[in-house]
């Protein structure tokens, strides 16, 4: 609340006392009061400069107050952030276990219609949480990943999940109690095996993220094909940057 109050107070203070006449969002009447700092001969008008200096003091005070409150909020967020990450990572491991349990129950024909709905909700929950971990949700205390090792491990997690997702979808897309059970029976063994791999990969990712580990050397095990794909992706990225720069 204090940060919001400071944010609201700073722009009006700037519009009232700030030295620029073209600040976005400032009323036109303030712009009309501005006078040039440079004289016609190019010399500096010290009286105007002094007046600008004095009028900038309230802006400085309001900005300093806003900055101090933002720093307090940032420090509080840093203390809270590890628990948010840890909770989310732990939940992902739990969700993987729920996926395996749900598939086993469906294959056994246990309350199929209820369990298939819960199974679908669990899939959505896992995928939503996975996107949050990969992309970050800063406003919710979940930072964007920047460390190489956790990013590589989460890429592994994503790849393993992509391996098992079609099997889950096959069960989820079946219609009718008998068809759902038959689909679950058909994929349950392979799915559970893949989910064990996914669970282990998620555990490793959680450890790397929580320990802020960044001492891995992924290039050691890269093959010629891996390097080719890396260089190809790097070339595409450079072309994209060049195009954005030219269009900007």
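Summary table below
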read-out	value
Hey, residue 189 in contact with a helix residue (DSSP H, G or I) (Cβ under 6 Å, 6 or more places away or on another chain), in a helix (DSSP H, G or I) and surrounded by fewer than 20 Cβ atoms within 10 Å (Cβ to Cβ) or not	no
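Yes/no matrix, rows are residues, columns are (1) surrounded by 15 or more Cβ atoms within 10 Å (Cβ to Cβ); (2) under 24 Å from the mean Cα position of the chain (by Cα); (3) assigned to a helix (DSSP H, G or I):
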{"site": "145", "(1), (2), (3)": "yes, yes, no"}
{"site": "149", "(1), (2), (3)": "yes, yes, yes"}
{"site": "157", "(1), (2), (3)": "yes, yes, yes"}
{"site": "184", "(1), (2), (3)": "yes, no, yes"}
{"site": "194", "(1), (2), (3)": "yes, no, yes"}
{"site": "199", "(1), (2), (3)": "yes, yes, yes"}
{"site": "219", "(1), (2), (3)": "no, no, yes"}
{"site": "225", "(1), (2), (3)": "no, no, yes"}
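Each reported figure results from applying straightforward, stated rules to the coordinates on display, with no laboratory input. Every value quoted in this text rests on a predicted model; they were computed, and no experiment measured them. Don't worry about glycine lacking a Cβ; one is built from the backbone with ideal geometry, like all the others, and counts go over all protein chains shown.
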